[in-house]
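Visitor: Sharing a structure here in structure tokens format.
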Amino acid sequence: MSNFVDVLSFLGVLLRLAGLLVFGVASGWFTLFAFRQEEPKWQLQTAVFLGFFLFVALLFRFTSPGGVGAFALGSGIALLYWGLKAQIEPEDDE
């Protein structure tokens with residue numbers, strides 16, 4: 001019986017890591033989206049920025065180091081990918 005509980009515990013840890021990785025990518029994309037609108041609103045930018053850092057602080061307090069690492073990996077990948085992608089895309093001069 002303990003083997004079954006160990007397997008379920010391991011699957012739960014993997015699911016938490018995958019979920020935080022996906023949530024990190026989504027929050028990184030949303031943060032960049034708020035800053036790259038055509039008419040940026042400083043209220044929205046402030047709320048998104050503070051929400052992003054509030055969630056990071058809550059992760060440090062209430063989850064395992066692996067979960068924080070998965071979130072940081074996901075948000076770092078999103079910020080680098082979409083942040084650099086917008087700078088590299090050529091603009092049409094027509």
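Visitor: Within the range 1-48, work out how many residues are aromatic (Phe, Trp, Tyr) and closer than 22 Å to LEU80 by Cβ.
Guide: Counting residues in the range 1-48 that are aromatic (Phe, Trp, Tyr) and closer than 22 Å to LEU80 by Cβ gives 5.
Visitor: So which residues in the range 67-94 are under 30 Å from PHE10 (Cβ atoms) and at pLDDT below 85?
Guide: Hits for the range 67-94: nothing passes.
Visitor: While we're here: Starting from residues that are more than 13 Å from GLY24 (Cβ to Cβ) and of a type in the set (Ser, Thr, Tyr), keep the ones in the range 40-78 and report whichever is surrounded by the fewest Cβ atoms within 10 Å (Cβ to Cβ).
Guide: Out of the qualifying residues, it is THR46.
The values are calculated or read from the model by the stated rules, or taken from the named source; none is laboratory data. Everything numeric in this text was worked out from a predicted model, so none of it was measured. Glycine gets a Cβ as well: all are built from the backbone with ideal geometry, and neighbour counts include every protein chain shown.
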